[in-house]
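A.B. asks: Quick one: the structure is below, and I'll ask about it shortly.
The values are calculated or read from the model by the stated rules, or taken from the named source; none is laboratory data. Keep in mind that what you see is a predicted model, and the values were worked out from it rather than measured. No Cβ is skipped: glycine too gets one built from the backbone with ideal geometry, and neighbour counts run over all protein chains shown.
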Amino acid sequence: MTLPSATLLAQSALSGLFIGALYGLLGLGLGLSWGLLHLINLAHFAFAFLAAYVCYQLATVGGVDPFLTLAIIVPSFFALGVVVQWLLARFEVSPLNSLLATFGLTAIVEATIQHFWTADFRKLDSAYAQMKFRVGELFVPVPELLTFLLAVGLSLAIWAVMRYTDTGRALRAAAEDGPIAEAFGVNRRAHSLLLAGVCAALAGVAGVCLALSFTLTPAQIYGWVGVVFAAVMLGGLGSALGPLAAGIIIGVSEALAMAVASPSWAPIVSFTLLIAILLLRPGKP
Amino acid sequence: MAGATLALLPLAGLPAFYESFLYLVFHWVVLATSWNILSGYSGYFSFGHGAFFGAGVYTTATLAGRFDVPFLWTLPAAAAIPALLGVAIGAIVFRVRRVRGELFALLTLAVTFVLATIVLNTRIDGGPGVYLSAVPVPTLAPSPSGTFYVMALALATLTVAIAYRVRKARLGTGLFAIHDDEDAAEVVGVPTYRYKLAALGLSCALAGTAGGVHALFVSYVTAPSTFNITVPLTVVLMSVLGGTRHWAGPALGALVITVLLYAFTAADQAVAGKAFVGAVLVAAVLFMPEGILRRAALRADRASAVAAPAEEPPAAGAPLARKGGAEPLLVLRGVRKSFRGVRALDGVDLEVREGEILGMLGPNGSGKSTLINVVSGHYEADDGSLRFAGSELRGLPAHRIARGGVARTYQIPRPFAHLTVLDNVALAAMFGGARLDRRAARAQAQRWLEFAGLGERAHVHPGELNLHQTKFLELARALASRPRLLLLDEVLSGLTPGEIDEAVALIRRIRDRDTTIVLVEHVMRVVTELSDRVVVLDQGRVLAVGAAAEVMRRREVINAYLGSPRA
């Protein structure tokens with residue numbers, strides 16, 4: 001095995017950084033709802049893909065700028081998240097059962113996508129798709145760079161809200177011990193609905209990023225599940241910055257593994273990392 | 001009768017299509033039922049069933065496709081290799097106490113992807129897939145489709161029979177206890193680690209065999225179509241729909257879902273079918289989270305719980321050769337236990353004499369509960385020795401300590417929520433020091449319940465008891481394992497004065513059956529009234545030992561409770 005050139009390695013690391021940011025963006029909403037709502041929302045991925053297809057539709061057929069579609073996608077997905085959370089809270093679904101129920105929801109969304117857009121590949125052709133610029137020897141594609149900036153910006157914003165605002169403190173308190181937080185005047189129901197809405201809106205944003213850089217097909221919903229879960233587990237449940245950092249670590253190590261060995265070995269990197277972390281991480285006995 | 005009819009079906013000359021459809025039904029019955037043996041019974045939801053199924057697929061594909069091993073001979077290997085793989089993974093994963101629930105589910109999911117990557121990148125597959133079209137199909141029926149039907153029927157019958165046997169056996173009882181409260185199960189004597197491994201091995205072997213048959217059925221196997229998320233999610237769906245607490249639940253779920261999916265495919269509505277199955281899953285989780293057979297499972301619990309009548313008063317504990325004899329029952333020397341630098345026990349030396357009631361006092365955080373947790377094996381001591389009846393306890397798993405004759409209660413009661421009150425107690429009689437079989441254990445349990453004044457409540461679930469009754473249930477459960485040493489962790493807290501008097505009388509009666517008792521308690525009146533001696537702990541050390549009235553007058557004891565006058 002010959003080691004690839006330094007430029008190639010650097011270019012790989014850069015693309016790993018970008019895809020890692022997308023892992024982080026997808027993991028942000030997933031981890032918040034898992035850690036703070038105790039809801040393992042498998043449908044998060046389906047929502048992201050639904051948003052990606054909506055963005056594709058508006059941009060391709062309606063000729064709307066992909067970033068302007070966020071004005072429709074963010075509020076409508078916020079509403080979708082609120083409705084789902086209301087249902088799950090109404091029936092007091094346990095974390096494990098939430099995984100099952102949202103898997104069912106995933107199947108419904110997948111079938112819906114397949115119904116409207118078929119199982120064929122779809123690629124958004126936007127003005128951004130071909131944009132890239134050169135930094136030294138490296139190419140920087142614009143859609144990926146924008147994804148990266150969005151992921152970093154949103155993660156920091158959520159982190160600040162969780163840390164410095166009363167809403168953030170109330171959410172963390174309710175996650176720690178719901179009844180006690182309620183006794184101290186936290187409106188747990190309203191906060192859960194708000195957070196679930198935000199998580200779904202984040203899935204919507206991630207979906208627009210997906211549409212910008214990737215070819216879409218309904219079956220790919222499942223392709224992201226494993227690696228994003230790995231990022232969330234690595235980064236810590238309910239953490240705002242953790243999934244981004246972990247996503248980037250996974251993305252870069254995958255990209256380097258692809259450059260050094262073969263692309264087909266890439267999945268083993270994230271999952272071996274996940275298994276190792278789950279088993280070795282010090283924690284409560 | 002019905003079985004014989006099913007077995008003879010291939011001779012009826014049905015179109016191959018029906019046999020293939022029934023093959024698929026039985027195929028999913030095997031996968032769902034085998035998943036349920038570990039995941040449904042013990043509550044460890046595995047999302048890695050696809051990995052073990054896939055290991056079976058590729059075992060047969062490799063042996064029959066590459067090395068020309070006759071197909072039927074590959075099946076034992078298709079069972080053995082996934083079972084070994086499962087046991088190896090379990091041996092690592094189950095050692096980490098933290099890995100429960102969702103963590104276990106994700107970990108097993110990750111295993112699926114790792115295995116897929118390995119298969120895809122090595123000579124096992126290498127990418128293009130493996131063809132089995134040249135492998136001769138054995139002749140077990142007039143047609144190949146009939147042969148597959150017969151094989152799947154046989155395997156499904158075997159799997160359901162195993163699931164039934166396990167449910168009725170000691171293993172199943174133990175797995176159900178693990179489902180409700182793994183720590184409490186270990187403390188009443190269930191060898192949790194070994195039971196989980198056994199269930200996982202069994203589950204993997206059956207899934208692997210189904211994989212082996214399926215490899216030949218599809219005759220062309222690829223990694224993406226084998227190791228995907230469909231298999232684990234479908235089996236979870238089937239089992240949850242049918243009911244995971246009933247041995248037949250997953251089989252029923254498999255039948256329903258396969259028929260539904262087929263109906264949609266046949267009507268050329270595969271996409272609508274997918275949405276419909278999704279909607280069924282959502283509805284099932286929301287409206288009947290315990291499955292179609294929930295009522296049947298409950299009824300089975302109660303029916304079998306109508307146990308033998310109580311003919312004789314409960315037998316005494318193990319007869320003691322030397323009452324109040326020379327050698328103490330339990331001797332602690334220099335026992336230490338720290339949690340991340342906090343020294344909960346800082347060199348405890350203590351003797352518990354045979355037949356006594358030793359009251360244990362101390363301010364909050366003085367190490368009383370930690371001491372009980374260390375003696376019962378929930379935590380392992382960092383240092384020191386714990387000799388019980390002449391043998392060392394340190395390093396033994398909790399279930400071995402329980403069998404050796406140590407029982408405990410929890411400060412906050414931890415009954416097994418899904419077992420009846422009677423079965424809660426019977427479990428301790430089955431797995432504790434007494435080691436009775438199920439029937440004898442139930443009969444014993446009934447007597448212990450009457451002893452504790454709960455005879456009338458034997459057939460309800462613990463959730464229906466009030467606090468006072470739940471505490472007495474804990475006591476009955478501890479007693480049913482026939483302990484020589486009983487550790488009572490604040491059994492009286494939260495009880496009314498009247499209930500306390502009742503409990504004191506009960507504890508007296510327990511001691512009169514020659515059981516040695518360590519009593520952790522805050523109610524001072526009770527401690528002085530009941531205890532032969534008291535020991536006072538403070539900051540993880542023994543501050544004083546002796547007769548109650550004398551110890552409570554000592555200056556250092558008063559200081560520990562009320563603060564020193566200088567402070």
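A.B. asks: Taking A:Phe47 as the residue in question, decide whether it is at pLDDT 95 or above, surrounded by 22 or more Cβ atoms within 10 Å (Cβ to Cβ) and under 30 Å from A:Val142 (Cα atoms).
C.D. replies: Considered against the rule, which asks whether it is at pLDDT 95 or above, surrounded by 22 or more Cβ atoms within 10 Å (Cβ to Cβ) and under 30 Å from A:Val142 (Cα atoms), A:Phe47 comes out as yes.
A.B. asks: Taking B:Arg541 and the conditions (1) under 36 Å from the mean Cα position of the chain (by Cα); (2) buried (at least 20 other Cβ atoms within 10 Å of the Cβ); (3) farther than 30 Å from B:Gly453 by Cα, which numbered condition does it fall short on, given that it satisfies the others?
C.D. replies: It fails just one condition, (2).
A.B. asks: Considering each residue of the stretch B:209-243, count those that are more than 11 Å from chain A (Cβ to nearest Cβ), within 23 Å of B:Val166 (Cα to Cα) and touching a residue at least 60 places away in the same chain (Cβ under 8 Å), and give that number.
C.D. replies: 6
A.B. asks: Taking B:Gly90, is it within 13 Å of chain A (Cβ to nearest Cβ) and not in a helix (DSSP H, G or I)?
C.D. replies: no
A.B. asks: Another question about this same structure. Of all residues being under 37 Å from the mean Cα position of the chain (by Cα) and of a type in the set (D, E, K, R) in the stretch B:100-124, which is nearest to B:Phe17 (Cα to Cα)? Just the residue, please.
C.D. replies: Filtering the stretch B:100-124 for residues that are under 37 Å from the mean Cα position of the chain (by Cα) and of a type in the set (D, E, K, R), the one nearest to B:Phe17 (Cα to Cα) comes out as B:Glu102.
A.B. asks: Does at least one position in the stretch A:188-199 carry a residue that is surrounded by 17 or more Cβ atoms within 10 Å (Cβ to Cβ), over 22 Å from the mean Cα position of the chain (by Cα) and modelled with pLDDT under 90?
C.D. replies: yes
A.B. asks: Looking at (1) small (Gly, Ala, Ser); (2) buried (at least 21 other Cβ atoms within 10 Å of the Cβ); (3) more than 26 Å from A:Gly235 (Cα to Cα), find the lone condition where A:Ser5 falls short.
C.D. replies: Result: A:Ser5 passes all but (2).
A.B. asks: List pairs: first residue in the stretch B:71-97 and over 28 Å from B:Leu140 (Cβ atoms), second residue among the charged types (D, E, K, R) and assigned to a helix (DSSP H, G or I) anywhere in the structure, Cβ distance under 8 angstrom, at least six positions apart or on different chains.
C.D. replies: Matching pairs, first to second residue: B:Gly90/B:Lys196; B:Phe94/B:Lys196.
A.B. asks: Does B:Leu281 meet the test of being hydrophobic (A, V, I, L, M, F, W, C), farther than 22 Å from A:Glu110 by Cβ and in contact with a helix residue (DSSP H, G or I) (Cβ under 8 Å, 6 or more places away or on another chain)?
C.D. replies: Against the criterion (hydrophobic (A, V, I, L, M, F, W, C), farther than 22 Å from A:Glu110 by Cβ and in contact with a helix residue (DSSP H, G or I) (Cβ under 8 Å, 6 or more places away or on another chain)), B:Leu281 does not qualify.
A.B. asks: Here are B:Leu216, B:Leu158: which of them is at pLDDT 90 or above, in the same structural domain as B:Ala116 (by TED's automatic domain parsing) and either surrounded by fewer than 22 Cβ atoms within 10 Å (Cβ to Cβ) or not in a helix (DSSP H, G or I) (or both)?
C.D. replies: B:Leu158
A.B. asks: I'd like the full set of residues that are within 12 Å of B:Phe431 (Cβ to Cβ) and either of a type in the set (D, E, K, R) or assigned to a loop (DSSP other than H, G, I, E, B) (or both), limited to the stretch B:397-412.
C.D. replies: B:Arg400, B:Arg403
A.B. asks: So which residues in the stretch A:95-151 are crowded, with 21+ Cβ neighbours inside 10 Å and outside any helix (DSSP H, G or I)?
C.D. replies: Scanning the stretch A:95-151 gives a single hit, A:Leu124.
A.B. asks: Moving on to the next point. What are the residues in the stretch B:123-155 that are assigned to a helix (DSSP H, G or I) and buried (at least 17 other Cβ atoms within 10 Å of the Cβ), if any?
C.D. replies: Of everything in the stretch B:123-155, those that are assigned to a helix (DSSP H, G or I) and buried (at least 17 other Cβ atoms within 10 Å of the Cβ) turn out to be B:Pro144, B:Ser145, B:Gly146, B:Thr147, B:Phe148, B:Tyr149, B:Val150, B:Met151, B:Ala152, B:Leu153, B:Leu155.
A.B. asks: Under the condition of being hydroxyl-bearing (Ser, Thr, Tyr) and part of a helix (DSSP H, G or I), which residue from the stretch A:157-187 is surrounded by the most Cβ atoms within 10 Å (Cβ to Cβ)?
C.D. replies: Applying the filter and picking the extreme gives A:Thr167.
A.B. asks: Look through the stretch B:94-119, keep the residues that are of a type in the set (Val, Ile, Thr) and either more than 24 Å from A:Gly236 (Cβ to Cβ) or surrounded by fewer than 23 Cβ atoms within 10 Å (Cβ to Cβ) (or both), and return whichever of them is farthest from the other protein chains (Cβ to nearest Cβ).
C.D. replies: B:Val119
A.B. asks: Okay, moving on. Of B:Leu486, B:Leu465, B:Leu519, B:Leu479, which residue is surrounded by fewer than 19 Cβ atoms within 10 Å (Cβ to Cβ) and closer than 30 Å to B:Arg435 by Cβ?
C.D. replies: Among B:Leu486, B:Leu465, B:Leu519, B:Leu479, only B:Leu465 is surrounded by fewer than 19 Cβ atoms within 10 Å (Cβ to Cβ) and closer than 30 Å to B:Arg435 by Cβ.
A.B. asks: Shifting gears a bit: Being within 14 Å of chain A (Cβ to nearest Cβ) and assigned to a helix (DSSP H, G or I) is the filter here; which residues of the stretch B:348-396 pass it?
C.D. replies: B:Thr370, B:Asn373, B:Val374
A.B. asks: Also, quick follow-up: With respect to B:Tyr262, is the statement that it is closer than 28 Å to B:Glu19 by Cβ, surrounded by fewer than 15 Cβ atoms within 10 Å (Cβ to Cβ) and at pLDDT below 90 true?
C.D. replies: For B:Tyr262, the condition - closer than 28 Å to B:Glu19 by Cβ, surrounded by fewer than 15 Cβ atoms within 10 Å (Cβ to Cβ) and at pLDDT below 90 - is met.
A.B. asks: Does B:Thr62 count as away from chain A (no Cβ under 14 Å), in a helix (DSSP H, G or I) and in contact with a strand residue (DSSP E or B) (Cβ under 8 Å, 6 or more places away or on another chain)?
C.D. replies: It is true that B:Thr62 is away from chain A (no Cβ under 14 Å), in a helix (DSSP H, G or I) and in contact with a strand residue (DSSP E or B) (Cβ under 8 Å, 6 or more places away or on another chain).
A.B. asks: Just a yes or no: is a residue in the stretch B:507-520 touching a residue at least 24 places away in the same chain (Cβ under 8 Å), outside any loop (DSSP other than H, G, I, E, B) and basic (Lys, Arg)?
C.D. replies: yes
A.B. asks: How many residues are hydrophobic (A, V, I, L, M, F, W, C), within 13 Å of another protein chain (Cβ to nearest Cβ) and not in a helix (DSSP H, G or I) if we restrict to the stretch A:230-268?
C.D. replies: Number of matching residues: 2.
A.B. asks: Still on this structure, I have one more. Select from the stretch A:105-127 the residues that are of a type in the set (S, T, N, Q) and at the interface with chain B (Cβ under 9 Å from one of its Cβ atoms) and write down the one among them that is farthest from A:Val64 (Cα to Cα).
C.D. replies: Only one residue fits best here, namely A:Thr106.
A.B. asks: Next question. Of all residues in the stretch B:182-212, how many are of a type outside the set (Val, Ile, Thr) and closer than 29 Å to B:Glu474 by Cβ?
C.D. replies: 14
A.B. asks: With the requirement that a residue be over 30 Å from A:Gly168 (Cβ atoms) and buried (at least 24 other Cβ atoms within 10 Å of the Cβ), what does the stretch A:231-268 give you?
C.D. replies: Correct list: A:Glu254, A:Ala255.
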